[in-house]
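J.: Here's a structure for you.
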Amino acid sequence: MKRVTLSLLTLAAALSAGFFLTGCEKVKPYLETVKTALDRETEEEAAARKPLAEADIPPPPAPVKMEPVINKEARVSVLGYHDFTDGSSTNDMILNIDDFRSQLQAIKDSQLHVISMRQFLDWKQAKADIPAESILITIDDGWKATHTLAMGVLKEFGYPYTVFFYKNYVNVGGRSLTHDEIRELAANGATLSSHSVSHQNMSSRGGRSEADYDTWLRLELEESHRFLEANFGDTGAVVKTFAFPYGIYSDRALELAREFGYEACFTVNGKKTSWDTEDMEIGRYVVHGTTLANFDPALDFGGGSLTSAGRKLLAESRTETGEEQAPLVTVNPTPNSVLGNRLPLIEIDLSKLTGVDPASIILRVTGFGKVPHQFDNATGLLTYQLPQRLRLDTCGVQLTFRHAGSADNEVIGWTFQIDPIADYLSSDVTAPGKNDPLPADDNKAPAPESQSPTATPSL
Ligand SMILES: [Zn+2]
C-alpha cells in the first residue's frame, strides 16, 4: 500500500511538472519520464525494504491437506479361486497350477494391475487411487495347495492376494493349513480375511427363531474375524473383509456385517466393481478349473486393456518425416464394427511386421479362452474360425506375440459387436449345424455361466 501511495504521488507530481513546463501536447514524453521515475523508485523502495524482509521472514504457511484425486471411473475385476492341483484331476473348484500360471501371465500381458485388498479398500474409501483397470485376486477356504502351489506362483509374478479362511477349517489336519503355513502366506503377499466360522449358508435360518438366527449370524461374522485377529493380527496381514460362503447372504447378514464394521463383503456374482458399488456386495468372478468362461470376461475391460504399443500397431501413425502411414497391423472384424454373423472368421494381418515369432503367438477370444489359431509364416496372416456361435453381443479378441521390432510381448486387443437382429435375419447362413450347442433359432443369446455363476456347495 505504501509503495502504491508513493508511486501515485510521484506520478501526480511528475504530471503537474510536465503540464506546467511544457503544456498538454508534451504530455507523452513526460509520461515516459514518469515511467522511468516510477521504475527507479520501485527499485529504491525494494532496496529499502530488503533488510526488513530478510530480518522478518514470515513463517512458512501451514501445509495444505491434499485430498487424493480418486479415479471414480476405475473398475476392478475381483477373481475368486479355491483349490489347486499339479495333476489333471481338475473340476470347477480345483484348478491346475500351470493353468493358474497362464492366467497370471494373461493378466500381465494385458498390462492390467493387480492390487492388494488394502489398495482396493482405500480406493473405495476415497483415500488413494488405483489404476483404471485393476485386478484383485482372492482365494477361498484355506486349502493346503494355497500354500504348497499357489503361493509360489503368485510370488513369481509379485502379485498380492487375499485368502478367505473359515475358522473351523484352520489347523485341523488333512488338507487344512497350519498356523505356521498361514504365517508364511502372510509373509508372502497374502492378506488374511474371514469366510465365516462354519461355512454354512447364511441366508438360511435353518429352523432357528429370529433371535437365534441373529445370534448365529453374529457369531459367523464376528468370531471368524476375531479368531484371525487373535492368531495372526501380529503379522499385520489381517484385513476386516468377509466372503459369504457360497456367495449367499440375506439382508440381515448384510446389516450385521455393516454393523460389525466389515470394510467390504464379497459374493460370487461375476461383474466389475465400480467406485460406487455397494461395499457389502462386491461381486467376484469365480474362476473354474475346467473352463475360462469366467476368467476371460474378468479380463475384458471392453477393449480398454489395449497396451499403448498395441494401440499404435492398430492405428494410423506418422513416420519420422511426418508422413501418415497405414496401421502396421490390420484386423477383421474391424475394431468396434457391428456384425450380422455370430460365426465370424477372425483375421489378423501381421505381414508388415518383421520377424514374428510363430511360437510366441497366443490368441484369446471372449468366451473361448485361448484358441487354436492358424498362422501362415509366408503371408503373415493369422486366422481363426469361430467353431461355435458367439453367445454374447460383444466379442473381445486379444493377441499376444513377439516380433523383431519389440523387446517384450506385443499385445493387441479389440472388440466388435453382434447385431442380434441382423444375425436373426441371416440365421440360415450362419446356422452352424451340428457343432452348435444352441438351437439355430436361439438368437437371444442366453446369458452364459460367466455372467451369473451359480453357487455350488464347494464355494
Ligand atoms: Zn468357501
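The values are calculated or read from the model by the stated rules, or taken from the named source; none is laboratory data. Note that the structure is predicted; figures quoted are calculated from it, not measured. No Cβ is skipped: glycine too gets one built from the backbone with ideal geometry, and neighbour counts run over all protein chains shown. The protein model used for the area step is the full one, side chains on, heavy atoms only, and it has no ligands, DNA or RNA in it. Shrake-Rupley method; radii C 1.70, N 1.55, O 1.52, S 1.80 Å.
J.: In the range 131-141, which residue that is open to solvent by less than 10 Å² (accessible area, probe 1.4 Å) and of a type in the set (A, V, I, L, M) is nearest to Leu95 (Cα to Cα)?
T.: Out of the qualifying residues, it is Ile139.
J.: Of the conditions (1) at pLDDT 95 or above; (2) more than 16 Å from the ligand (Cβ to nearest atom); (3) surrounded by fewer than 20 Cβ atoms within 10 Å (Cβ to Cβ), Lys144 fails just one. Which one is it?
T.: Status for Lys144: all satisfied but (2).
J.: Let me ask something else about it. Return yes when Asp122 is open to solvent by 70 Å² or more (accessible area, probe 1.4 Å) and more than 16 Å from the ligand (Cβ to nearest atom) and no when it is not.
T.: So Asp122 fails the test.
J.: Quick one: in the range 54-99, which of the residues that are over 19 Å from Val163 (Cβ atoms) and of a type in the set (A, V, I, L, M) is modelled with the highest pLDDT?
T.: The selected residue is Ala74.
J.: Out of the residues in the range 151-182 that are surrounded by 21 or more Cβ atoms within 10 Å (Cβ to Cβ) and within 15 Å of the ligand (Cβ to nearest atom), which is nearest to the chain's Cα centre (by Cα)?
T.: The selected residue is Thr162.
J.: Given the criteria among the acidic types (Asp, Glu) and within 16 Å of the ligand (Cβ to nearest atom), does Glu210 qualify?
T.: Answer is no for this residue.
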